[in-house]
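Let me begin by presenting the structure, written as structure tokens, before commenting on it.
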Amino acid sequence: MLSRVAESLWWMSRNLERAETLARILDVNYTRTMDRYGSEHALPHWNAVLGIVGMQTQLELIAPSEVASTALHYCTFSSENRTSIVSCVRIARQNALYVRGELSSEVWEAINGLYLSVESSSPRSIARDGPSSFLRHVRDIAQAVGGIIDATISHDEVWDFLQMGRFFERAYLTNRMLRGIDPSASSIESQTLLQMCCASEPFAKVPHAMSETDRVVAFLLLDPAFPRSVRFALREVDASLHRISQTAGGTYSNEAERMLGRLLAILDFAQIGEITNEGLGPFTGRAGDRLDAFSIAVERIYFPRIPVAS
Amino acid sequence: MQALLEGYVSQELFDEFADERGEPRPHYRALARTVGAISTSDFRHRVEMVNSVLLQRGVTFTVYSDARGTERILPFDLLPRIIPVADWTQIARGIAQRVRALNAFLHDVYHEQRILLEGKVPYDLVYSSAFFNREMLDVRVAGDVYIHVSGIDLIRDVSGRYLVLEDNLRTPSGISYVLENRDVLKRSFPQLFAEYMPLPVDDYPIRLREALRRVAPATTDDPTIAILTPGIYNSAYFEHTLLARRMGVELVEGQDLIVHDNVVYMRTTRGLSRVDVIYRRVDDDYLDPLFFRPDSALGAAGLFNAYRAGNVTIANAVGTGVADDKAVYPYVPAMIRFYLSEEPILDNVPTYDLGDLRQRRHVIEHLHELVVKRATASGGYGMLMGPASTAAERAAFADAIEANPREFIAQPVIQLSSHPTIVEGEILPRRVDLRPFVLYGDEIECPPAALTRVALENGSLVVNSSQGGGSKDTWILGE
Amino acid sequence: MQFTIAHETTYRYAEPIHESYTICHLQPLSDLDQYCTRFELSVIPRTRVFSYADRFGNFVQHFSVIPEHPLLSIAARSTVVTARPQDPQAPSGAPRKALLADPQLRLLYDFLSPSPLVEFGRNLRALSDEIGEAESDVVAWYLCAGKYIKDNFAYIKRATTVHTTVDESVRLRAGVCQDFAHVLIALCRLNGIPARYVSGYIFSGQGDSVLGAEASHAWCEAYLPEIGWFGYDPTNGKIINEYFVKIAIGRDYRDVSPVRGVYKGLAKSTMSVNVAMDELYDVDRERALARAFAEQQQQQQQ
């Protein structure tokens, strides 16, 4: 496959996943800051959200009453912010346009539809109606695109690059969310986190053998079956990576596979006690560094800026 | 209720469908019967259906004069143009002869220049052509083939005689419409095909691929072919993706190519992968910033040297434009005589030489009854249609011609033949031309794939898609 | 005479660049008047060098460097023997009709027409009027036009760039060898005399000081009746002699620029060029002379 095509698929997929996750996080955070407990903590809450998606803005300088709307606008409509919902959708759509020939028309139409609806929403209409319906719309369509991709694109190299982008971004963002969590966090805090990962219902089925926070962390980090856990998502990335290079699972043929294999081994055999002893912050921090290194390795192998000439 | 086509009245010119008495010509009789049996409402319903299918499929082109780069569908007319076997035989022989002579001309002007030395074509005419590519002098191309794909535009005069209007030897487009039109018509209107067995067009992409394989560098038995597109904003991008899919080859942009040690590669997820043949839909000027436009990112640096070394075949060859320069066009019959020692099978449209003072005077005095074209323009841009022009337009052209006669040619207005065409629910005569495509790998072949373009405005003689033309499925009948 | 020439061109980039492509016109020509006996091109970073003969008969080298590199250095070393006279005489004159009678003339379209860097502007036409008509003697006119440039134009470095047009340097009445060559070529073509650009070297060790010796040099060749291509250096006001070495010919500088290329990367480059030209002391020839002298002495003694 052409490197340009693979790169566009990777970024299209990552940006769609990011838009979806961001829409969910914003929705959960917006609703929780509406009640009494939440509104007192609006500033730290919004700062935490900005931290998850790696955005930086000076919320402290803003009047408390303006914090929510400023943060929301920054994360939703800001064009300067390369990771706002609007920016993510634009990037995804632009990349989809570059590889239109590789996508089914259903996928293209869904992405283009999302783009058109996001472009036509105005900050004013959201200020009037509240952000929830807009955020849910983005979340639903972005999520639907994932399903349309699975159902209408041959599960070959094109699909594997899309799959890799989607699950890498998911693992990356879940890990980011866990990194911001306070070990002594209240149960409300953990519940919010679960909601942001749409994990409340699956989590309810997990046996109650540990402390609440430990259980949430273990679930979101290590659960082998929950599709938003870091471990599960990275398993999917690993599978696609091996199909692309046609290498047997458990072995590696390039640096990306080796890095990911090592990280997965840690997650596969980690116990939650070890992680909390070490500290969740340092653990997820190291995992985040490994993920950064992994994405650089993927780019270097599959779409290098400077090719290796024989 | 009057049956469709029964009230069809042709104009004072050659009509493809009706003869002088207004009766359908023999090869249209079965079509007239089929169409006659269909109710008007059913017919309208099918027209709508076809248009929605085309839009859905994204058979679109971009119109440059539209600042937003709008995508439109090329209007498709349901009534097919039918070419009987005798006509096609003559056309195929004529265009093959022409392409053979034009190819010989290109080889000659870039090597021995015999035709220039013998004075059959003026030396200055070739050297002053904007498309004469000096870098191609003394460069050998695989199999000495320059014109791998060409589209020869034919029209018919009032007597029904086929004439060559222009040769398109650079990157002629339109084949995607030929393929899509046939497919759409078969699906939406199968009855029309009753009693007709038009020769298939579907194998064109495979024939093109095979022709390109045969001109690959000798270094490989299994050449990798790629189509080079300027990208998603190009007006013919749809055609590029369609051909890549049907040919089963990679569609690349300039940024996907890299040249190293005089060899061309694509950047792929498995590293660099060698490319042997490039079917380029990018103009000469943009192919290599080292030799041509230095600001171009549509090609690849080093491409021309790899080409010069014979490590890659570029189709069409670089520099073919000198042979379809409109000022060189009048000399094509002389080329046929010079290189092939044959008489031209298809005639040219008479053309005035504006470098000649007497002819230039005549043209400027008779602009209102002539067509003036820019020598280096195509697609119907930059032309003066005398009878439909204003005095101000004529004055502007007269000044431009005096300032730079080499830039223009003038021809009498040829009354293109007409063909029944659906216009707002009615069937009316509209002017058509014909663009058959010619392939040249190791031999010249004329696949039965031709585009009929139709001027949808009443009386209009300009059929170009960029100027509001539409297209028809074109049926070439076999023996 | 015999010369060794070392021509080094180095590009340094503020940050590493990649995918660089370079085309060089650095190999001296071999023709009736000079012979290039040795040519080597070495490139840092190391890469394969390819070559071809272009349509003018020049030898062109080219190469690519794909990985990142902060520096590109191209060193050309050549040895050339020149066989022109030391002090060539001005050829006898010929009227324009002799030129018009030449059957080759119509094949020289490219050397009679404007080219990318040689255009016919208002200033050029005015200069041509100053110099006068070429009708009666095109040879004398050519030498006179060349001398006129030498006498009326100032040799000033950095007054112009490689992109300066002929009309601009005529307006400035200043420039370097490349500009002077372009002006003379333009004057010739404007007056219907075919003219072409020559890039090369001029040897400075010939006693009187010459201009243009510290880097590559350029001059003009005009096509004259019954003579053919005839070189004149408007920078030094000289007919081309044994101290000149030709590298390449073309329509103008753009056809034969010594080194040109493209690369990927945003960094700006700085270029340095160093040309060293030396007269080669021919050991074998001196030995042979010494032996002959010794034998002569011996014979005299006997």
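Annotations
- Selection from the range B:293-339 of residues that are more than 14 Å from chain C (Cβ to nearest Cβ), open to solvent by less than 40 Å² (accessible area, probe 1.4 Å) and in a helix (DSSP H, G or I): B:321, B:323, B:324, B:329, B:332, B:333, B:334, B:335, B:336, B:338
- Residue within the range B:116-124 that is at pLDDT 85 or above, at negative phi and not assigned by TED's automatic domain parsing to the domain that holds residue B:239 present: no
- For the range B:72-89, a tally of residues being modelled with pLDDT under 90 and β-branched (Val, Ile, Thr) returns 1.
- The range C:1-55, residues that are touching a helix residue (DSSP H, G or I) at 6+ places or on another chain (Cβ under 7 Å) and touching a residue at least 40 places away in the same chain (Cβ under 8 Å): C:25
- In the range B:98-111, the count of residues that are assigned by TED's automatic domain parsing to the domain that holds residue B:242 and part of a loop (DSSP other than H, G, I, E, B) is one or more.
- Which numbered condition residue B:273 misses (of (1) in a strand (DSSP E or B); (2) within 14 Å of chain A (Cβ to nearest Cβ); (3) of a type in the set (Ser, Thr, Tyr); (4) closer than 30 Å to residue B:74 by Cα): (4)
- Residues of the range B:150-164 include none that is over 17 Å from residue B:416 (Cβ atoms) and within 14 Å of another protein chain (Cβ to nearest Cβ).
- Flag if residue C:85 is farther than 21 Å from residue C:25 by Cα, more than 14 Å from chain B (Cβ to nearest Cβ) and not basic (Lys, Arg): yes
- Among the residues of the range C:56-78, none qualifies, meaning not one is in the same structural domain as residue C:277 (by TED's automatic domain parsing), surrounded by fewer than 17 Cβ atoms within 10 Å (Cβ to Cβ) and aromatic (Phe, Trp, Tyr).
Residue-wise test of (1) more than 14 Å from chain C (Cβ to nearest Cβ); (2) outside any helix (DSSP H, G or I); (3) in contact (Cβ under 8 Å) with a residue 24 or more places away in the chain.
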position	(1), (2), (3)
A:216	yes, no, yes
A:220	yes, no, yes
A:248	yes, yes, no
A:253	yes, yes, no
A:258	yes, no, no
A:263	yes, no, yes
A:296	yes, no, no
A:309	no, yes, no
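- Of the criteria (1) within 14 Å of chain C (Cβ to nearest Cβ); (2) within 19 Å of residue B:280 (Cα to Cα); (3) in a loop (DSSP other than H, G, I, E, B), which one residue B:135 fails: (3)
- Options A:121, A:87, A:117; residue that is within 30 Å of residue B:230 (Cβ to Cβ) and either open to solvent by less than 40 Å² (accessible area, probe 1.4 Å) or within 14 Å of chain B (Cβ to nearest Cβ) (or both): A:87
- Any hit, the range A:126-146, residues being touching a Ser or Thr at 6+ places or on another chain (Cβ under 9 Å), in the same structural domain as residue A:243 (by TED's automatic domain parsing) and not in a helix (DSSP H, G or I): no
- Criterion: within 18 Å of residue A:280 (Cα to Cα), in contact with a Lys or Arg (Cβ under 8 Å, 6 or more places away or on another chain) and surrounded by fewer than 18 Cβ atoms within 10 Å (Cβ to Cβ) - qualifying residue of A:264, A:220: A:264
- Candidate set: the range B:167-201, residues that are open to solvent by 30 Å² or more (accessible area, probe 1.4 Å) and not in a loop (DSSP other than H, G, I, E, B); chosen: the one nearest to residue B:147 (Cα to Cα): B:183
- Restricting the first member to the range B:442-457 and to residues that are basic (Lys, Arg), and the second to residues that are open to solvent by 30 Å² or more (accessible area, probe 1.4 Å), the beta-carbon pairs closer than 8 Å and six or more apart or on different chains are B:453/B:465.
The values are calculated or read from the model by the stated rules, or taken from the named source; none is laboratory data. Note that the structure is predicted; figures quoted are calculated from it, not measured. In this analysis, Cβ positions are derived from the backbone assuming ideal geometry, glycine residues included, and neighbour counts consider all displayed protein chains. Accessible surface areas use protein heavy atoms only, side chains included; no ligands, DNA or RNA. Shrake-Rupley method; radii C 1.70, N 1.55, O 1.52, S 1.80 Å.
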